[in-house]
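**Student:** Dropping the structure in here first, questions after.
The values are calculated or read from the model by the stated rules, or taken from the named source; none is laboratory data. It should be emphasised that the depicted structure is a prediction, and the values quoted were computed from it without experimental measurement. Neighbour counts are summed over all protein chains in view; Cβ atoms, including those assigned to glycine, are modelled from backbone coordinates with ideal geometry.
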Amino acid sequence: MGRALSVSRAEVGPSNQAAYLELLGQLAARLRSRGQSLWLFRHPTLHDTFLEFSESPTREQHRSLAAREADEADLEVRLQRLAAYAPDSWILWEEVPLGKR
């Protein structure tokens, strides 16, 4: 099975952005240590709107499904308190291999 990706739209108020960025940085480091990726993008004019791209080698290893240690689970809970996530934020997209032409 191929890689899995989620795209999470999050709105974070100005007073919560520093804490949000710090927590997401901590989570990204933990995910990297397991071969996963987390990228963050900010809307160019709506400065409280972000996109979190989370990628894992397989669906089962994705941050939304995999078992986590207590401190990592705590990071996720704290992020949920700081950001308002869109309803479809945790849909997993699965890689479709493309053949060589």
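**Student:** So how many residues does the range 33-54 have that are out of contact with any helix residue (DSSP H, G or I) (no Cβ under 9 Å at 6 or more places or on another chain) and at pLDDT 95 or above?
**Tutor:** 9
**Student:** Kindly provide the set of residues from the range 58-67 that are of a type in the set (D, E, K, R) and either over 16 Å from Gly35 (Cβ atoms) or touching a helix residue (DSSP H, G or I) at 6+ places or on another chain (Cβ under 7 Å) (or both), ordered by number.
**Tutor:** The answer is Arg63, and nothing else.
**Student:** OK, next. What pairs come out if I take residues in the range 17-44 that are more than 14 Å from Arg68 (Cα to Cα) and in contact (Cβ under 8 Å) with a residue 40 or more places away in the chain and pair them with residues that are among the charged types (D, E, K, R) and assigned to a helix (DSSP H, G or I) whose C-beta lies under 6 Å away, six or more apart or interchain?
**Tutor:** Leu23/Arg78
**Student:** Next question. Within the range 22-38, track down each residue that is under 20 Å from Leu82 (Cα atoms) and out of contact with any Leu (no Cβ under 8 Å at 6 or more places or on another chain).
**Tutor:** Within the range 22-38, Glu22, Gly25, Ala29 meet the criteria.
**Student:** Out of the residues in the range 76-101 meeting the condition of being among the aliphatic types (A, V, I, L, M) and surrounded by 16 or more Cβ atoms within 10 Å (Cβ to Cβ), tell me which one is nearest to Gln26 (Cα to Cα).
**Tutor:** Within the range 76-101, the match that is nearest to Gln26 (Cα to Cα) is Leu79.
**Student:** Further question on the same structure: May I ask you to list the residues in the range 27-50 that are surrounded by fewer than 14 Cβ atoms within 10 Å (Cβ to Cβ) and assigned to a helix (DSSP H, G or I)?
**Tutor:** The answer is Ala29, Arg32.
**Student:** Further question on the same structure: Is it the case that some residue within the range 86-94 is more than 11 Å from the chain's Cα centre (by Cα) and modelled with pLDDT under 90?
**Tutor:** no
**Student:** Same structure, new question: Of everything in the range 61-84, what is assigned to a helix (DSSP H, G or I) and without any contact (Cβ under 8 Å) to a residue 12 or more places away in the chain? Give them in sequence order.
**Tutor:** Ala70, Asp71, Ala73, Asp74, Val77, Gln80, Arg81
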